[in-house]
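Colleague: Let me give you the structure first, and then I'll get to my questions.
The values are calculated or read from the model by the stated rules, or taken from the named source; none is laboratory data. What you see is a predicted model; the values in this text were computed from it and never measured. Cβ placement follows ideal geometry from the backbone for every residue including glycine, while neighbour counts extend to all protein chains displayed. Quick note on the areas: whole protein, heavy atoms, side chains included, nothing else; ligands and nucleic acids left out. Shrake-Rupley method; radii C 1.70, N 1.55, O 1.52, S 1.80 Å.
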Amino acid sequence: KGFDQILQFAGLRTDDDLNVLGEPFEIRSRLMPHVIPSPGAMRVTGMTIEQLTDLARPSHYEMMTSVRQALGAWCPSVFVGYNSLRFDEEFLRQAFYQCLYPPYLTNTGGSGRADALHLMRAVALVDPDALNVPIADSGKPTFSLEKLAPANGLPHLNAHDALADVQTMVAMCQLVRERRPDMWSRFGSLAHKAAATDFLSEHESFVLLESVGATGMAVPVVKLGVGPQPTLIYALDLRCDLDDLAALDEDDLAKRIAASPRPVRRIKTNAAPLFLPLAEAPDRLLGGQGPDELRARGRRVCRDQGLVERLLRAMSGAEADYPPSAHVEQQLYEGGFWSRADEQRMTAFHSAPWVQRAELAMEFDDRRLRLLARRLVYFEAPNALAPEERARMEGAITQRVMTEDETSPWLTAPAALRELEEMMAQDMAVAAAEHLQGYRAHLHARMGLSQRSGGHGVLGRQEVPPPRGGGPR
């Protein structure tokens with residue numbers, strides 16, 4: 001998500017009753033110079049390399065500026081996507097971050113965010129008759145939008161097109177709103193962190209509706225406490241053998257919480273979790289126990305503060321510890337929030353002429369912003385940079401795109417070509433596809449050009465020298 005890019009963005013604005021307001025917003029961009037498109041993605045979407053590099057399309061920065069303006073005009077809103085919390089939201093944040101815009105538009109300033117895929121799975125768990133869930137070729141239920149919509153009488157004629165996907169998602173949400181208005185109302189409310197926090201304050205034990213696996217999962221739980229971040233809550237599965245859990249020593253407890261099925265659940269209050277009060281949950285979601293019995297088990301857990309503290313310590317100790325990254329794309333969550341002064345510099349950057357932006361780029365206090373700003377200037381107006389700086393950036397792109405280092409976290413041209421050749425060798429239809437043949441020729445041409453021109457520098461790493469006047473290396 002930090003090394004690819006959005007190529008098409010679409011959105012619809014609706015009222016509380018899901019009536020569409022105004023015209024759809026839709027925009028496409030061309031590839032950034034340092035991004036190599038995935039052959040697999042091009043196979044699925046049918047996109048050609050000529051379309052992806054069309055200079056008539058806006059640049060990525062121009063597109064994200066328009067996206068920022070459009071979504072900002074809709075705020076405050078509840079922003080809903082399909083599989084968006086794990087996918088679209090992260091790409092959107094990265095795109096804003098790399099274009100020097102505040103990244104958290106969808107869950108700040110009174111706005112909230114929610115995931116319609118999560119809603120569909122939750123509705124199917126609570127009321128299996130509310131939706132017709134199709135079966136995939138694997139034999140398992142699927143909530144893929146392109147299959148779920150037709151199974152429920154809604155056409156989805158242009159799958160993987162951003163606007164078509166959004167229109168189909170709105171239609172599916174309208175269907176849920178008609179059939180299960182209670183679930184729709186809860187979904188909209190819990191899109192806001194404050195509502196999720198309030199629910200957890202009011203309910204000691206409840207049913208957590210998780211969007212995991214093929215169908216999602218309903219788990220009766222009791223709240224244990226807060227994790228390392230204030231938005232992270234731990235909750236214990238009330239179907240566990242409490243006596244067995246309490247008897248474990250520290251080492252065995254650490255092993256148990258890591259084993260499947262997981263006894264402790266992680267709840268992010270800022271990621272639109274879905275809950276049900278025990279009294280409203282169907283009996284089949286309660287693990288063969290009644291609401292009163294589950295509440296009693298929850299009270300028993302809360303009274304055993306020794307067990308609660310041990311579980312909290314074990315969970316906190318098991319949280320992933322990510323080492324610092326050398327790549328600016330992976331530093332969004334590493335360096336904390338930038339200063340108010342840098343926020344003002346970001347605003348000034350976007351309104352200044354490009355020659356002035358090249359100078360402003362070096363004034364940011366936050367080194368991430370300095371690096372991203374210089375890169376933006378090179379992508380959008382390279383002549384605003386000194387010749388030696390342009391040469392360094394060009395060499396950095398060449399090295400980044402052509403590296404044979406298989407540990408690179410981005411897709412390189414050699415890796416893309418190998419992937420494409422393997423696809424063509426295994427599938428005659430792929431080998432005959434004109435748009436993939438065109439992409440193959442493009443990769444060969446780009447690699448041949450780079451071998452003649454050479455290159456140096458590392459784009460997007462702190463090691464890239466600043467253009468002038470010192471600064472971080």
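Colleague: Residue check, A361 against (1) without any contact (Cβ under 8 Å) to a residue 40 or more places away in the chain; (2) under 25 Å from T106 (Cβ atoms); (3) crowded, with 19+ Cβ neighbours inside 10 Å, all met but one. Which one?
Modeller: (2)
Colleague: OK, next. Working carefully through the options L443, L411, L459, L417, find the one that is hydrophobic (A, V, I, L, M, F, W, C), touching a Lys or Arg at 6+ places or on another chain (Cβ under 9 Å) and at pLDDT 95 or above.
Modeller: Numbers: L443 fails: touching a Lys or Arg at 6+ places or on another chain (Cβ under 9 Å); L411 fails: touching a Lys or Arg at 6+ places or on another chain (Cβ under 9 Å); L459 fails: at pLDDT 95 or above.
The match here is L417.
Colleague: Tell me, which residue of the stretch 110-140 that is open to solvent by 50 Å² or more (accessible area, probe 1.4 Å) and at pLDDT 95 or above is farthest from the chain's Cα centre (by Cα)?
Modeller: Across the stretch 110-140, the extreme among qualifying residues is D129.
Colleague: Would you mind stating whether R368 is open to solvent by less than 30 Å² (accessible area, probe 1.4 Å), in contact with a Gly (Cβ under 8 Å, 6 or more places away or on another chain) and modelled with pLDDT of 95 or more? Break it down stepwise before answering.
Modeller: Working: open to solvent by less than 30 Å² (accessible area, probe 1.4 Å): yes; in contact with a Gly (Cβ under 8 Å, 6 or more places away or on another chain): yes; modelled with pLDDT of 95 or more: yes.
For R368, the condition - open to solvent by less than 30 Å² (accessible area, probe 1.4 Å), in contact with a Gly (Cβ under 8 Å, 6 or more places away or on another chain) and modelled with pLDDT of 95 or more - is met.
Colleague: Another question, if that's okay. Which one is surrounded by the fewest Cβ atoms within 10 Å (Cβ to Cβ) among residues in the stretch 341-358 that are of a type in the set (A, V, I, L, M, F, W, C) and either closer than 21 Å to H34 by Cβ or touching a strand residue (DSSP E or B) at 6+ places or on another chain (Cβ under 7 Å) (or both)?
Modeller: Just the residues of the stretch 341-358 that are of a type in the set (A, V, I, L, M, F, W, C), to begin with: 341, 346, 348-349, 352, 354-355, 358.
Now narrow it down to the ones that are either closer than 21 Å to H34 by Cβ or touching a strand residue (DSSP E or B) at 6+ places or on another chain (Cβ under 7 Å) (or both): 349, 354, 358.
Details: F349: 20, W354: 14, A358: 24.
Ranking the candidates gives W354 first.
Colleague: Among the candidates F143, F187, single out the residue that is in a loop (DSSP other than H, G, I, E, B), of a type outside the set (V, I, T) and open to solvent by less than 30 Å² (accessible area, probe 1.4 Å).
Modeller: Working: F187 fails: in a loop (DSSP other than H, G, I, E, B).
Sole residue among the options that is in a loop (DSSP other than H, G, I, E, B), of a type outside the set (V, I, T) and open to solvent by less than 30 Å² (accessible area, probe 1.4 Å): F143.
Colleague: Residues that are open to solvent by less than 40 Å² (accessible area, probe 1.4 Å), in contact (Cβ under 8 Å) with a residue 24 or more places away in the chain, over 21 Å from A196 (Cα atoms) and in contact with a helix residue (DSSP H, G or I) (Cβ under 7 Å, 6 or more places away or on another chain): does the stretch 224-244 have at least one?
Modeller: First, the residues of the stretch 224-244 that are open to solvent by less than 40 Å² (accessible area, probe 1.4 Å): 224-225, 227, 231-238, 240, 242.
Next cut, in contact (Cβ under 8 Å) with a residue 24 or more places away in the chain only: 224-225, 227, 231-238, 242.
Restricting the remaining residues to those that are over 21 Å from A196 (Cα atoms) gives 242.
Cutting the leftovers down to in contact with a helix residue (DSSP H, G or I) (Cβ under 7 Å, 6 or more places away or on another chain) gives us 242.
Scanning the stretch 224-244 turns up at least one residue that is open to solvent by less than 40 Å² (accessible area, probe 1.4 Å), in contact (Cβ under 8 Å) with a residue 24 or more places away in the chain, over 21 Å from A196 (Cα atoms) and in contact with a helix residue (DSSP H, G or I) (Cβ under 7 Å, 6 or more places away or on another chain).
Colleague: Criterion first (in a helix (DSSP H, G or I) and either open to solvent by 50 Å² or more (accessible area, probe 1.4 Å) or basic (K, R) (or both)) does E404 satisfy it?
Modeller: Working: in a helix (DSSP H, G or I): no; either open to solvent by 50 Å² or more (accessible area, probe 1.4 Å) or basic (K, R) (or both): yes.
The answer is no for E404.
Colleague: Can you list residue pairs whose Cβ atoms sit under 6 Å apart, with the first residue in the stretch 151-163 being modelled with pLDDT of 90 or more and the second being among the small types (G, A, S) and assigned to a helix (DSSP H, G or I)? Count only pairs 6 or more apart in sequence or on different chains.
Modeller: Partner pairs satisfying both residue conditions: L154/A171.
Colleague: Still on this structure, I have one more. Tell me which residues, restricted to the stretch 343-398, are of a type in the set (D, E) and either under 28 Å from the mean Cα position of the chain (by Cα) or not in a helix (DSSP H, G or I) (or both). Break it down into steps so the answer makes sense when it comes.
Modeller: Initial filter on the stretch 343-398 (of a type in the set (D, E)): 343, 359, 363, 365-366, 380, 388-389, 394.
Result: E343, D365, D366, E380.
Colleague: Please give the strands (runs of 3 or more DSSP E) falling wholly within the stretch 219-277 in which 2 or more residues are at pLDDT 95 or above and among the basic types (K, R).
Modeller: In the stretch 219-277, the matching strands (runs of 3 or more DSSP E) lie at 264-268.
Colleague: Run L307 past the list (1) over 27 Å from the mean Cα position of the chain (by Cα); (2) of a type in the set (A, V, I, L, M); (3) more than 30 Å from L253 (Cα to Cα) and report the number of the one that doesn't hold.
Modeller: Single failed check for L307: (3).
Colleague: Just checking, does the stretch 99-109 include any residue being on the phi > 0 side of the Ramachandran plot and buried (at least 19 other Cβ atoms within 10 Å of the Cβ)?
Modeller: As a first pass, look at the stretch 99-109 and keep what is on the phi > 0 side of the Ramachandran plot: 100, 109.
In the following step, the residues that additionally are buried (at least 19 other Cβ atoms within 10 Å of the Cβ) were identified as 100.
Scanning the stretch 99-109 turns up at least one residue that is on the phi > 0 side of the Ramachandran plot and buried (at least 19 other Cβ atoms within 10 Å of the Cβ).
Colleague: Free of Cβ contacts under 8 Å to residues at least 12 places away in the same chain and either more than 30 Å from M424 (Cβ to Cβ) or over 15 Å from the mean Cα position of the chain (by Cα) (or both): does that describe L21? Walk me through it before giving the result.
Modeller: Values: free of Cβ contacts under 8 Å to residues at least 12 places away in the same chain: yes; either more than 30 Å from M424 (Cβ to Cβ) or over 15 Å from the mean Cα position of the chain (by Cα) (or both): yes.
The answer is yes for L21.
Colleague: List the residue pairs whose Cβ atoms are under 6 Å apart, where the first residue sits in the stretch 48-72 and is under 15 Å from H34 (Cα atoms), the second is part of a helix (DSSP H, G or I) and of a type in the set (S, T, Y), and the two are 6 or more positions apart or on different chains.
Modeller: I49/Y439
Colleague: If you don't mind, another one. Would you confirm, using the coordinates I've provided, whether P323 is part of a loop (DSSP other than H, G, I, E, B) and either within 25 Å of A196 (Cα to Cα) or in contact (Cβ under 8 Å) with a residue 60 or more places away in the chain (or both)?
Modeller: On the way: part of a loop (DSSP other than H, G, I, E, B): yes; either within 25 Å of A196 (Cα to Cα) or in contact (Cβ under 8 Å) with a residue 60 or more places away in the chain (or both): no.
Judged against the criteria, P323 is not a match.
Colleague: Output the residues belonging to the stretch 245-279 that are polar (S, T, N, Q), within 23 Å of A194 (Cβ to Cβ) and open to solvent by 40 Å² or more (accessible area, probe 1.4 Å). Before the answer, list the steps.
Modeller: First, the residues of the stretch 245-279 that are polar (S, T, N, Q): 260, 269-270.
Checking which are within 23 Å of A194 (Cβ to Cβ) leaves us with 269-270.
Within the stretch 245-279, N270 is the sole residue that qualifies.
Colleague: Could you tell me whether any residue of the stretch 84-95 is more than 17 Å from the chain's Cα centre (by Cα) and surrounded by 15 or more Cβ atoms within 10 Å (Cβ to Cβ)? Spell out the reasoning first.
Modeller: To start, the set of residues in the stretch 84-95 that are more than 17 Å from the chain's Cα centre (by Cα) comprises none.
No, every residue in the stretch 84-95 fails to be more than 17 Å from the chain's Cα centre (by Cα) and surrounded by 15 or more Cβ atoms within 10 Å (Cβ to Cβ).
Yes/no per residue for (1) within 20 Å of Q94 (Cβ to Cβ); (2) of a type in the set (A, V, I, L, M, F, W, C):
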| site | (1), (2) |
| --- | --- |
| R313 | no, no |
| E334 | yes, no |
| S339 | no, no |
| A348 | no, yes |
| Q356 | no, no |
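To keep it simple, each residue is scored yes or no on (1) open to solvent by less than 40 Å² (accessible area, probe 1.4 Å); (2) closer than 27 Å to L100 by Cα.
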residue: A281; (1), (2): yes, no
residue: R284; (1), (2): no, no
residue: R297; (1), (2): no, no
residue: V308; (1), (2): yes, no
residue: L311; (1), (2): yes, no
residue: A318; (1), (2): no, no
residue: S325; (1), (2): yes, yes
residue: Q330; (1), (2): no, yes
residue: S339; (1), (2): no, yes
